[in-house]
Amino acid sequence: YESAILRDSIFLATEKGVWCGSLKANLLDFNNWKKITSGEFSNGVKVITTFNNTIYTAVDDSGLFRKTGSNWNKESFLQNLIYTKLKGLDSKLLICAGSSLWQINIQNIVTEVASAQITHPNDVIERSGNLYIGDEAKGILQISTGNIATSFITSGPAISSIWRIGQEQNSTHAIGGGYSKAITSLNNVGIQSTFINDWSNASLSISDITDLDLSDPSRSYFASFNDGLLQKSQQGELKYDISNSPLQTNSVTAIERGSDGLWVASYNTNKSLQLLLNDGSWESFSFSSLQSKFPVDLLRDFDNSIWMRISPQGGGGLVVFNKQSNTNVYLSDQGSQGGLPTKNVSSFAMDREGQVWIGTEQGVAFFSDPSLIFSGNVNATRPIYDSRFLLRDENITALAVDGGNRKWIGTENGVWLFDALGEKLIHNFTVDNSPLLSNFIQCIGINNTSGEVFFGTNKGMASFRSDATIGNENFNHVKIFPNPVTAHFNGFVAIEGLTTDSFVKITDVAGKLIWQVVANGGTASWNMRDTKGNRVETGIYLVFSTSADGADKNIGKIAIIE
């Protein structure tokens with residue numbers, strides 16, 4: 001993980017302890033390395049540095065060690081922490097541990113760099129008497145004389161690996177917590193990154209955040225794989241865990257808003273599904289299938305049934321539960337018992353028609369009528385694209401449905417947009433043809449008001465202005481932009497605020513039909529060309545919009561100028 005050189009020796013911090021060797025020896029020869037891998041070093045060492053003519057290292061959840069002669073002595077201070085960085089300077093040793101930054105002088109006196117701005121320091125340097133800290137939530141912090149802190153933050157999420165994206169009407173929220181592939185804790189600091197015209201970042205009192213629910217304006221909820229369930233409101237924070245709720249473990253993997261309250265999934269417990277009712281009381285549920293102990297995600301369908309996605313380590317597949325009828329079923333890859341492409345389900349989403357789409361490690365499938373799954377003898381349908389099952393060779397890591405009922409599908413090799421049936425490809429974005437920061441798509445969020453689609457990857461976030469939004473009930477808020485259109489504009493004119501799936505026709509002032517289309521939800525787009533593909537001439541064009549049932553109409557104008 002790190003190395004340090006002291007005089008004629010090099011020291012390595014590795015997953016198997018500390019290794020050291022003489023720079024005068026042939027270090028290509030394995031036998032010329034001395035290995036200190038026993039005792040507390042056996043769990044691995046990630047940080048190491050030189051200070052005051054010796055070597056310092058630290059072991060997570062143990063302590064700080066100083067090399068004296070041939071011995072490694074454990075210091076009596078700063079023990080049982082998670083250490084992210086040791087930085088040895090001429091006059092001090094700087095230690096990033098947990099939520100604090102500490103310094104040790106040559107006399108071995110420990111002091112904390114006291115600043116409320118420091119939330120989770122990852123690295124630190126000193127320049128011209130100032131400390132510069134790489135902080136998990138506050139970007140780069142400059143600490144000057146008197147511990148005065150100045151924060152420098154770029155406009156973007158404070159997290160690089162985006163775990164989940166949540167949407168409100170006018171804001172987008174990203175979290176980066178989660179758990180490892182083996183479903184174990186990562187100890188990621190809790191941060192909520194919010195986009196409303198610009199990005200802001202806030203620290204939360206929980207770590208490894210797995211999910212969020214912002215649908216209730218009076219209170220928001222955050223699930224944690226370490227700390228249970230956090231409720232935030234104007235009255236403050238309330239944390240639900242094994243000490244004050246029916247939760248049998250603090251490993252909460254998902255939450256989902258229901259008509260009666262908030263559904264809560266917890267991992268590796270018999271009562272893996274809980275319901276926090278609107279009145280503050282709880283209900284607990286357990287199921288006969290062994291797989292039901294290991295849910296990692298939740299989805300609620302139009303019948304108020306709760307779909308539980310089961311981790312592959314827990315057996316995979318899906319458990320579906322309906323509280324009203326008190327029935328549940330386990331869906332797998334077996335015929336007449338779900339017929340999934342594979343039990344390794346990696347994502348799911350419900351579309352505008354109520355169909356539940358399933359992403360697996362071997363492509364996509366969907367249940368066209370989820371209400372039939374409790375009757376038995378049910379199999380998922382697999383869409384056909386290009387004469388083969390849709391994305392059959394891809395691990396489907398994320399699914400999202402836009403206002404036009406189109407399917408955004410994230411994989412480890414980029415993102416695809418298909419039509420409502422999954423049979424027509426509209427877009428395929430990768431790092432080679434778009435600003436995506438990585439082809440590994442971990443989550444997708446859609447702002448259905450603006451049509452903007454956010455892609456969370458393992459290296460950061462990118463967004464795409466889509467041409468689909470949720471339709472309105474009427475034509476009272478139709479907006480056409482840009483308008484007027486100049487001769488130098490080569491993009492699309494957007495017609496927003498339409499009713500769902502409106503019919504749109506564009507004519508010249510003489511009534512000649514220029515172009516027509518069915519809106520994607522509440523938005524239609526025009527590339528300023530006629531039905532033959534020719535760019536239209538300068539002039540005024542009329543936009544006629546009719547609701548899908550023909551009951552409502554609207555007329556607008558577009559001016560195209562030189």
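The values are calculated or read from the model by the stated rules, or taken from the named source; none is laboratory data. Keep in mind it's a predicted model, so treat the numbers as computed, not measured. Cβ placement follows ideal geometry from the backbone for every residue including glycine, while neighbour counts extend to all protein chains displayed. In case anyone asks, the SASA skips ligands and DNA or RNA and just uses the protein heavy atoms, side chains included. Shrake-Rupley method; radii C 1.70, N 1.55, O 1.52, S 1.80 Å.
Loop-located chymotrypsin sites (Phe, Trp or Tyr not before Pro) in the range 14-106 (DSSP state not H, G, I, E or B) with no more than 14 neighbouring Cβ atoms inside 10 Å: Trp33, Phe77. Here the chain exposes an accessible surface that is 46 percent carbon and sulfur, computed with a 1.4 Å probe and the other protein chains kept in place. Under 15 Å from a label point 7 Å along Cα→Cβ of Asn31: give me every residue in the range 1-25 with its amide N that close. Counting backbone N atoms under 15 Å from the label point, the list is 25.
Using a ≥ b ≥ c from the Cα gyration tensor of the range 447-513 (square roots of the eigenvalues), is it rounded, prolate or oblate, where a/c under 1.5 gives rounded and otherwise the larger of a/b and b/c decides, a/b for prolate?
Cα axes put the range 447-513 in the oblate bin.
Here's the picture: a label point sits 7 Å out from the Cα of Arg535 along the beta-carbon direction, and within the range 491-513 the residues with their amide nitrogen under 18 Å of it are 491-494.
Solvent-accessible surface of the chain, averaged per residue with a 1.4 angstrom probe and all protein chains in place: 46 square angstrom. Using a Förster distance of 56 angstrom, determine the FRET efficiency expected from the C-beta separation of Ser368 and Thr507, and round it to 0.05. After rounding to 0.05, the efficiency reads 0.90. Estimate the FRET efficiency between Asn187 and Asp123 by the formula 1/(1 + (r/R0)^6), using the beta-carbon distance for r and 22 Å for R0, to the nearest 0.05. My answer for the efficiency is 0.85.
In square nanometres and to one decimal, what's the mean projected area of the convex hull around the Cα atoms of the range 38-120? Walk me through the intermediate numbers first.
Values: hull surface 21.6 nm².
Mean projected area for the range 38-120: 5.4 nm², to one decimal.
Since only Gly533, Ala468, Val453 are under comparison, the one whose Cα sits farthest along the positive direction of the charge dipole of the chain, derived from C-beta charges on Lys, Arg, Asp and Glu, is Val453. Principal semi-axes of the equivalent ellipsoid, √(5λ) from the alpha carbon gyration tensor of the chain, are 50, 31, 23 Å from largest down. Remark: the range 39-51, residue by residue, has Karplus-estimated 3J(HN,Hα) of x, 6, 6, 5, 7, x, 10, 10, 10, 7, 7, 10, 7 Hz, where x stands for each Gly or Pro and the curve is 6.51 cos²θ - 1.76 cosθ + 1.60 at θ = phi - 60°. For the range 249-363, the convex hull drawn through the C-alpha positions has a volume of 102 cubic angstrom per residue. Label zone of Glu283 (point 7 Å out along Cα→Cβ, amide N under 13 Å): in the range 302-339 this covers 304-306, 321-327. Is the range 137-202 rounded, prolate or oblate when judged by the Cα gyration tensor, a ≥ b ≥ c being the square roots of its eigenvalues, rounded requiring a/c under 1.5 and prolate requiring a/b larger than b/c? Cα axes put the range 137-202 in the oblate bin. Listed by chain and number, the lysines whose C-alpha is less than 27 Å from the C-alpha of Lys138, apart from same-chain residues fewer than 8 away, are Lys46, Lys85, Lys87, Lys92, Lys232, Lys239, Lys459. When you work out D = kT/(6 pi eta Rh) for the range 141-298 at 10 °C and 1.306 mPa s, using the Kirkwood radius from C-alpha pairs as Rh and the Stokes-Einstein form, the result is 96 µm²/s.
Here's the list of lysines a cross-link from Lys479 could span, going by alpha-carbon distance under 21 Å and ignoring same-chain residues fewer than 8 apart: Lys505, Lys553, Lys557.
For Thr54 and Asn80, what is the calculated FRET efficiency with R₀ set at 30 Å and r taken between the beta-carbons, to the nearest 0.05?
0.85
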